[in-house]
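Note sheet for the following structure.
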Amino acid sequence: MRKIYVIGIGAGDPDQLSLQAAKAIGRTDLFFVLDKGAAKESMVELRRRMMKAYGRPSRRVVEGRDPDRDRTPADYQGTIADWRHRRSEVTEALISEHLLDDETGAFLVWGDPSLYDSTIAILDEILARGQTLFEYEVIPGISSVSTLAARHRIGLNRVGRAFQVTTGRRLTDEGWPAGVDDVIVMLDAQQAFTAHPDADIYWGAYLGTTDELLRSGRVADVADDILKTRAEAREQHGWIMDTYLLRRPD
């Protein structure tokens, strides 16, 4: 039976790789890489470095093209479902064509596989079709959320209070979530934080990498700086991954 590891590799710092993840990389025969284009080559290069550092000399790497998708769709749920389906077809072809029955394959997942990543859902979709069989194991990683809190030297929650993880889209469409004073926001192309000038913000981009950017303060005071910094960074790198915590002051 084929086996696949879904390995969380942290938010960008190679030192964030856990011992469990390093051992799994060392047991892997074949690594799967989905190419996201030249703009995100640095993300692929980090994976290559980890394979070289911890992988077998006999390891193999197979690459597939990650399907494109509309980043500003009218039907968000439908667009994501279609993209995941097309991605599952690419992934299934890589597994069925390149991973032998007695071999172990691996996907090296940015951050943690259980937080805003589709790999687990895609593997489940492949298994549900019943054509390509394998077992898989998920190995957790350090997420951008954990790295954000560490870099700013803050706790994500306050005593006796809950926090919520959401997206910029939902913060824009639905407003501040009810019942919480601390909101962690991921995937915010809308810069939704600007609608909450009295909140405190702890913002970070390219967390854990040599390009890491950090800003914090009252939104009304630092929003313009974050918007300018974000736009310049996106122009320079061709992509941006940022995360932030919004906190209502006591």
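Give me P(r) over the stretch 195-240, computed from all C-alpha to C-alpha distances, binned every 5 Å, as integer percentages.
Reading the bins upward from 0: 5, 23, 29, 22, 13, 7, 0.
Using C-alpha positions alone, give me the convex hull volume of the stretch 161-210 per residue in cubic angstrom.
95 Å³
Per residue, how much accessible area does the chain show when a 1.4 Å probe rolls over the protein heavy atoms, in square angstrom?
Spelled out: the 1.4 Å probe surface of the chain, per residue, equals 50 Å².
Give me the base-10 log of I(q)/I(0) for the stretch 44-165 at each q in 0.11, 0.22 Å⁻¹, Debye formula, one uniform scatterer per Cα, rounded to two decimals.
So the normalised log intensities work out to -0.53, -1.40.
I need the peptides 1-14, 44-57 ranked by packing, meaning the mean over residues of other C-beta atoms within 10 angstrom, with the highest value on top.
Ranking, from highest mean packing down: 1-14, 44-57.
Per the Kirkwood definition applied to all pairs of different Cα atoms, how many angstroms is the hydrodynamic radius of the stretch 112-191?
In the stretch 112-191 this quantity evaluates to 15.2 Å.
Restricting to the chain, what percent of DSSP beta bridges are antiparallel, rounded to 5?
Antiparallel bridges: around 40 percent, rounded to the nearest 5.
Any idea how far the Cα center of the stretch 145-183 sits from the one of the stretch 88-139, in Å?
Taking the Cα centre of each part, the stretch 145-183 and the stretch 88-139 sit 30 Å apart.
For the chain, what number of Lys pairs, 8 or more residues apart or on separate chains, have alpha-carbon atoms under 22 Å from each other?
6
Tell me which DSSP H helices of the chain clear both cut-offs, 15 Å or more of axial length from alpha-carbon atoms and a mean Kyte-Doolittle hydropathy of at least 0.0.
Membrane-span-like by this criterion, though nothing is claimed about a membrane: 119-129.
Which percent of the accessible heavy-atom area of the chain goes to carbon and sulfur, probe 1.4 angstrom?
The C+S portion of the solvent-accessible surface of the chain is 48 percent.
Given springs between every Cα pair under 10 Å in a Gaussian network model of the chain, which of 108, 123, 148 has the largest fluctuation?
In the Gaussian network model the winner is 123.
Please give the charge dipole size of the chain, origin at the Cα centre, charges +1 on K and R Cβ atoms and -1 on D and E Cβ atoms. Round to the nearest 20 debye.
Charge dipole of the chain: 540 debye, to the nearest 20.
Please name whichever of 196, 208, 176 sits farthest to the positive end of the charge dipole of the chain, dipole taken about the Cα centre and charges placed at Cβ: Lys and Arg +1, Asp and Glu -1.
208
Select from 178, 121, 195 the residue whose mean-square fluctuation is largest in a Gaussian network model of the chain (Cα-Cα springs shorter than 10 Å).
Top of the fluctuation ranking is 178.
The values are calculated or read from the model by the stated rules, or taken from the named source; none is laboratory data. As the structure is a computational prediction, the values presented were derived from the model and not from experiment. Here Cβ is always computed from backbone atoms with ideal geometry, including for glycine, and neighbour counts include all displayed protein chains. Just the protein is used for accessible areas: all its heavy atoms, side chains included, with ligands, DNA and RNA removed. Shrake-Rupley method; radii C 1.70, N 1.55, O 1.52, S 1.80 Å.
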